[in-house]
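> Okay, here's the structure, questions in a sec.
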Amino acid sequence: MSAGSQPTDALGLRSVSIAYDRHRTVVDALNLDIRAGEFVAIVGPNGCGKSTLLRAIARLMRPASGTIMLDGRDLRDRTPRELARELGMLPQSNVAPEGVRVVDLIARGRYPHRGAFAAWTPDDETAVRRAMESTGVVDLAARDIDTLSGGQRQRVWLAMALAQDTGVLLLDEPTTYLDIAHQMDAMELFRRVNREQGRTIIAVLHDLNHAARYADRLIALRDGHVVIDGPPTEVLTADAVERVFDLPCRVIEDPETHTPLVIARARG
């Protein structure tokens, strides 16, 4: 499925509850709609259910109840290969097979688009090359993944997710391990992919200022519930940040982007 062919609603969650056991519900009866082409940031304190929600959308864990719809169809109706053509995910941490080269790992992102014995195509080559160029890992192509720094590995995994070429891209703390310059590069890349390719992006972010600067919409979770949902100017107010994070703060206008800028108040 190409990004441009998506219907109005990319994702719909209906009464979704997620639990790790019968006594610990992490997400509780959540209803949510995410429109095609949105850049959505999910924010909230540790343990509020952000990453768990993303894993359920990626069908890496099964909700205890409720339904998750992708392009109007229940996720459970898709084969794994079919789902992988439509939805890609960059998790918090990844483990690569020992000794695999960077270019070969990124090429694995093309697996959902190819038959078991299909020949490598020009489209595959273009997707991999574009992903490597956009993440700045071309010069690492021949390196073994296990020789790279944490930041380099993160960019390689991101390239693999981009090479998968899905209409929906899930990002779980995607700037982990990246220095500040590469964090900004990554966030700029996500926005460019969203704007120019029309991909729906749903990202779990800890940095509220990154979320405010780059996302169209913020969903703030606490204790498995949506506390506030809307554009950054509505979600990132001093009262809302304190309510969600228990963090007294000031919110001013970012002089560069005119988006909300959260400044924590000194404690004590």
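> Quick one: is ARG153 surrounded by 15 or more Cβ atoms within 10 Å (Cβ to Cβ), assigned to a helix (DSSP H, G or I) and among the basic types (Lys, Arg)?
When the stated conditions are applied, ARG153 passes them.
> Within the bounds of the range 162-173, is there any residue that is in contact with a Leu (Cβ under 7 Å, 6 or more places away or on another chain), of a type in the set (S, T, N, Q), crowded, with 16+ Cβ neighbours inside 10 Å and closer than 25 Å to LEU70 by Cα?
Taking every residue of the range 162-173 in turn, at least one turns out to be in contact with a Leu (Cβ under 7 Å, 6 or more places away or on another chain), of a type in the set (S, T, N, Q), crowded, with 16+ Cβ neighbours inside 10 Å and closer than 25 Å to LEU70 by Cα.
> Name, by its number, the condition in (1) more than 19 Å from the chain's Cα centre (by Cα); (2) over 24 Å from TRP157 (Cα atoms) that does not hold for VAL102.
Just one mismatch for VAL102, condition (2).
> Take GLU234 and tell me if it is assigned to a helix (DSSP H, G or I), surrounded by fewer than 19 Cβ atoms within 10 Å (Cβ to Cβ) and at negative phi.
yes
> So is VAL128 out of contact with any His (no Cβ under 7 Å at 6 or more places or on another chain), under 19 Å from VAL100 (Cα atoms) and β-branched (Val, Ile, Thr) or not?
In short, yes.
> Taking the range 195-231 on its own, how many of its residues are touching a residue at least 60 places away in the same chain (Cβ under 8 Å), polar (S, T, N, Q) and surrounded by fewer than 22 Cβ atoms within 10 Å (Cβ to Cβ)?
1
> Turning to a different aspect of this structure: If I ask for residues that are closer than 13 Å to HIS210 by Cα, out of contact with any Ser or Thr (no Cβ under 9 Å at 6 or more places or on another chain) and either surrounded by 12 or more Cβ atoms within 10 Å (Cβ to Cβ) or of a type in the set (Gly, Ala, Ser) (or both), which ones from the range 237-261 would you list?
ASP254, THR257, LEU261
Only the coordinates and a few stated rules stand behind these numbers; no lab work does. Please read all numbers here as calculations on a predicted model, not as lab measurements. Backbone-built Cβ (ideal geometry, glycine too); neighbour counts: all protein chains shown.
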